[in-house]
Amino acid sequence: MAAHTDENTPLIQPPTIATDSTKRVQSTHAAVDEESDVVPESPVTPPAEVVTSVGSIIAVLLLGEFISNADATLIMTAIGHISSEFNQLQRAAWLTTGYMLGVSVAQPMYGKLSDIYGRKPLLLASYFFLALGCVVCGLATDMWIVILGRVISGIGGAGVITMSSIIITDIVSKREVAKWRAYINVSMTLGRSVGGPVGGVLTDTIGWRWAFLLQVPLLGLAAILVIIQLKLVHHTPPDAAEQPRIRRIDFRGAFLLAISVAAIILLLDQGGKLFPWISLPTLGLAGGGALALALFVYTELFVAVEPIFDLHIFRRPNITSSYLIGALQGSAQLGMMFTVPLYFQVTARASSTVAGAHLIPAVLGNTVGGLGAGLFIRRTGNYKPVLVLSGLISSIAYVLQILRWNGHTGFWESLYIVFGGLGSAICSSAAFVSMTAFLEPQEIAMATGGYLLLISFAMTAGVATNYSVLGLEFKRQLQSRVHGPDAHKIIRRALSSIEYITGLTGPLRATVVSSYVAGLKHAYSVSLVCAVLGSMTALAVRNHRV
């Protein structure tokens with residue numbers, strides 16, 4: 001009779017050993033054939049249930065990861081055209097805020113829902129929502145419809161990222177996780193980096209709508225590959241078989257967490273733009289977010305039968321520290337990548353496509369760092385050394401930017417950001433392994449959902465913080481250096497339009513550009529502080545040989 005299997009059970013099963021008493025002994029961790037990376041068949045599992053190699057599964061996941069991450073950044077180059085077409089420039093920021101709201105609402109749900117309904121159905125649902133959001137954006141007749149489409153895309157994008165990470169932990173041993181996640185990280189970074197330039201080219205040639213619509217057939221292809229190639233089997237645990245699946249979902253906790261995260265994201269993203277930092281909306285969002293978070297904690301601890309996120313997991317070693325390290329490094333890296341295109345647009349009058357191409361060194365760093373960290377952890381089983389080192393490596397980029405990016409950056413000095421990508425990828429691989437090192441298999445999906453939600457939130461906070469610091473210092477510099485009867489008008493226009501800055505000439509341009517560079521240096525300092533704090537936090541991690 002076949003042994004009971006669910007999706008918390010790795011697909012890579014150790015062979016069953018029969019004793020004289022016909023007892024079966026199994027190892028607690030899955031093992032991979034390192035020569036072929038093929039999932040060995042086990043007598044315990046029916047042949048029809050598991051036949052796919054690890055490499056084939058990862059290859060299937062890469063396309064979806066690439067598209068979802070490209071979708072998240074291509075909007076940056078299309079924002080101006082979209083908002084201008086609908087005469088809603090003042091609402092342009094909602095195109096990115098809407099996506100993050102969708103992510104924050106959905107991401108906590110995927111881990112638990114995949115435990116109940118299975119990994120494969122939830123991954124396909126993610127592709128569906130991402131494609132649906134693209135269709136809504138591409139066919140929109142009003143600005144609010146585009147924003148709605150971005151919310152729907154965020155729901156799908158959250159699932160693609162979350163399910164890929166969960167599936168990897170299902171099919172390989174903990175020692176192998178970093179190696180295979182490195183490929184996913186490269187695909188994610190490549191997607192984020194390519195999305196901007198590709199979106200700019202499509203927007204400038206055939207129109208911004210096609211930047212969304214062309215994603216739909218690619219997502220359809222990704223879904224077909226999942227249906228055909230991804231062989232995952234889900235069985236309901238015996239203790240949950242008698243109750244309806246819908247009753248196992250902690251809707252109250254999910255709603256409260258979504259409200260809390262959404263309120264804080266709105267505050268960080270719209271504060272200082274749509275409303276002043278010291279204002280009634282600020283107080284309302286901060287108070288509402290804090291109240292919803294407190295109610296969420298109470299619900300998860302004392303009310304929910306099956307919590308959407310069991311807070312007792314923080315008693316496990318490395319959970320809190322790994323969450324913090326991942327958040328700090330994610331905030332530092334995306335905050336820096338957000339400012340790089342702006343630097344070259346302002347100082348060198350680079351087009352959106354060329355400015356986006358300056359992110360390629362970070363992608364190369366991500367590739368080398370992720371694969372290198374995965375190889376180190378696979379060979380040694382140790383993750384703490386590279387976790388401590390990751391923030392220090394990232395810091396090299398931020399220090400060099402502060403000291404050397406003074407407005408006239410040549411080719412070789414533009415490569416400094418490779419260290420940021422290198423350290424970020426090392427951290428991404430090692431922090432995930434650190435987070436899962438002491439977890440039971442049934443806890444990994446839930447912990448992964450929470451980890452990725454925090455990373456998404458930290459990235460949003462990093463961009464918002466860097467943008468605010470940049471804007472405040474840029475404004476201060478302009479107010480102290482630009483004088484004359486038109487000073488107020490010049491400052492107002494410089495603060496609101498990069499196109500205005502690139503059109504300036506003579507001494508005025510030199511003054512405005514140097515002021516902007518001063519603001520950017522303050523933004524790099526924020527990333528530097530986050531990276532150093534990440535390395536300091538890594539010192540508290542318990543090293544457990546995986």
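In the range 458-497, how many residues are under 27 Å from residue 167 (Cα atoms) and either modelled with pLDDT of 85 or more or out of contact with any helix residue (DSSP H, G or I) (no Cβ under 9 Å at 6 or more places or on another chain) (or both)? Quick ask: steps written out before the conclusion?
Just the residues of the range 458-497 that are under 27 Å from residue 167 (Cα atoms), to begin with: 458-460.
This time we only want the ones that are either modelled with pLDDT of 85 or more or out of contact with any helix residue (DSSP H, G or I) (no Cβ under 9 Å at 6 or more places or on another chain) (or both), so: 458.
The number of residues fulfilling the criteria is 1.
Do we have residue 271 as farther than 28 Å from residue 537 by Cα and not charged (D, E, K, R) here?
Numbers: farther than 28 Å from residue 537 by Cα: yes; not charged (D, E, K, R): yes.
Criteria met by residue 271.
Go through the range 407-425 and give me each residue that's in contact (Cβ under 8 Å) with a residue 60 or more places away in the chain and not small (Gly, Ala, Ser).
Of everything in the range 407-425, those that are in contact (Cβ under 8 Å) with a residue 60 or more places away in the chain and not small (Gly, Ala, Ser) turn out to be 408, 409, 417.
Which of the helices (runs of 4 or more DSSP H) found entirely inside the range 289-395 contain at least 2 residues meeting this: within 30 Å of residue 505 (Cα to Cα) and among the aliphatic types (A, V, I, L, M)? Outline the logic, then answer.
Values: elements: 319-348, 352-357, 360-380.
Once the helices (runs of 4 or more DSSP H) in the range 289-395 are filtered for at least 2 residues that are within 30 Å of residue 505 (Cα to Cα) and among the aliphatic types (A, V, I, L, M), what remains is 319-348, 352-357.
Going by the structure shown, is residue 393 within 17 Å of residue 541 (Cβ to Cβ) and either touching a Phe, Trp or Tyr at 6+ places or on another chain (Cβ under 8 Å) or not aromatic (Phe, Trp, Tyr) (or both)?
On the way: within 17 Å of residue 541 (Cβ to Cβ): yes; either touching a Phe, Trp or Tyr at 6+ places or on another chain (Cβ under 8 Å) or not aromatic (Phe, Trp, Tyr) (or both): yes.
Considered against the rule, which asks whether it is within 17 Å of residue 541 (Cβ to Cβ) and either touching a Phe, Trp or Tyr at 6+ places or on another chain (Cβ under 8 Å) or not aromatic (Phe, Trp, Tyr) (or both), residue 393 comes out as yes.
Would the range 264-281 turn up any residue that is part of a helix (DSSP H, G or I), over 22 Å from the mean Cα position of the chain (by Cα) and surrounded by 21 or more Cβ atoms within 10 Å (Cβ to Cβ)?
Filtering the range 264-281 for residues part of a helix (DSSP H, G or I) gives 264-270, 280-281.
Add one more test, that the residue is over 22 Å from the mean Cα position of the chain (by Cα), and what stays is 280-281.
Next cut, surrounded by 21 or more Cβ atoms within 10 Å (Cβ to Cβ) only: none.
No, the range 264-281 has no match at all.
Surrounded by 16 or more Cβ atoms within 10 Å (Cβ to Cβ) and of a type in the set (Lys, Arg): does that describe residue 481?
Details: surrounded by 16 or more Cβ atoms within 10 Å (Cβ to Cβ): no; of a type in the set (Lys, Arg): yes.
It is false that residue 481 is surrounded by 16 or more Cβ atoms within 10 Å (Cβ to Cβ) and of a type in the set (Lys, Arg).
So, in the range 491-501, exactly how many residues are surrounded by fewer than 16 Cβ atoms within 10 Å (Cβ to Cβ) and closer than 12 Å to residue 350 by Cα? If you could, list the steps in order and put the result at the bottom.
Initial filter on the range 491-501 (surrounded by fewer than 16 Cβ atoms within 10 Å (Cβ to Cβ)): 492, 495-497, 499-500.
So of that shortlist, the ones also closer than 12 Å to residue 350 by Cα come out as 499.
Of the residues in the range 491-501, 1 are surrounded by fewer than 16 Cβ atoms within 10 Å (Cβ to Cβ) and closer than 12 Å to residue 350 by Cα.
Could you list, in sequence order, all residues of the range 317-333 that are surrounded by fewer than 22 Cβ atoms within 10 Å (Cβ to Cβ) and at pLDDT below 90?
If the condition is that a residue be surrounded by fewer than 22 Cβ atoms within 10 Å (Cβ to Cβ) and at pLDDT below 90, then 317 is the only one that fits.
When residues of the range 340-370 are filtered for being surrounded by 21 or more Cβ atoms within 10 Å (Cβ to Cβ) and within 14 Å of residue 466 (Cα to Cα), how many remain?
3
Each row is one residue, and each column tells you yes or no for (1) hydrophobic (A, V, I, L, M, F, W, C); (2) modelled with pLDDT of 85 or more.
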{"site": "253", "(1), (2)": "no, yes"}
{"site": "259", "(1), (2)": "yes, yes"}
{"site": "262", "(1), (2)": "yes, no"}
{"site": "268", "(1), (2)": "yes, no"}
{"site": "273", "(1), (2)": "no, no"}
{"site": "281", "(1), (2)": "no, yes"}
{"site": "288", "(1), (2)": "no, yes"}
{"site": "295", "(1), (2)": "yes, yes"}
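Filter the range 498-523 down to the residues that are at pLDDT 90 or above and of a type in the set (D, E, K, R) and list them by number.
The answer is 509, 521.
Could you identify the single residue in 309, 338, 302 that is of a type outside the set (S, T, N, Q) and more than 30 Å from residue 115 (Cα to Cα)?
Working: 309 fails: more than 30 Å from residue 115 (Cα to Cα); 302 fails: more than 30 Å from residue 115 (Cα to Cα).
Checking each option against the conditions leaves just 338.
Go through the range 453-546 and tell me which helices (runs of 4 or more DSSP H), entirely inside it, have 2 or more residues that are in contact (Cβ under 8 Å) with a residue 40 or more places away in the chain.
Values: elements: 487-496, 498-502, 506-538.
Result: 498-502, 506-538.
For residues that are of a type in the set (A, V, I, L, M, F, W, C) and crowded, with 24+ Cβ neighbours inside 10 Å, scanning just the range 389-418, find the one that is nearest to residue 348 (Cα to Cα). Before you say what the answer is, go through the steps one by one.
Going through the range 389-418, the residues of a type in the set (A, V, I, L, M, F, W, C) turn out to be 389, 392-393, 396-397, 399-400, 402-403, 405, 411-412, 415, 417-418.
In the following step, the residues that additionally are crowded, with 24+ Cβ neighbours inside 10 Å were identified as 397, 417.
Working: 397: 20, 417: 17 Å.
So the residue we want is 417.
The values are calculated or read from the model by the stated rules, or taken from the named source; none is laboratory data. Being a predicted model, the structure only gives us computed values, none of them experimental. All Cβ positions, even for glycine, are placed from backbone atoms using ideal geometry, and neighbour counts span all protein chains on display.
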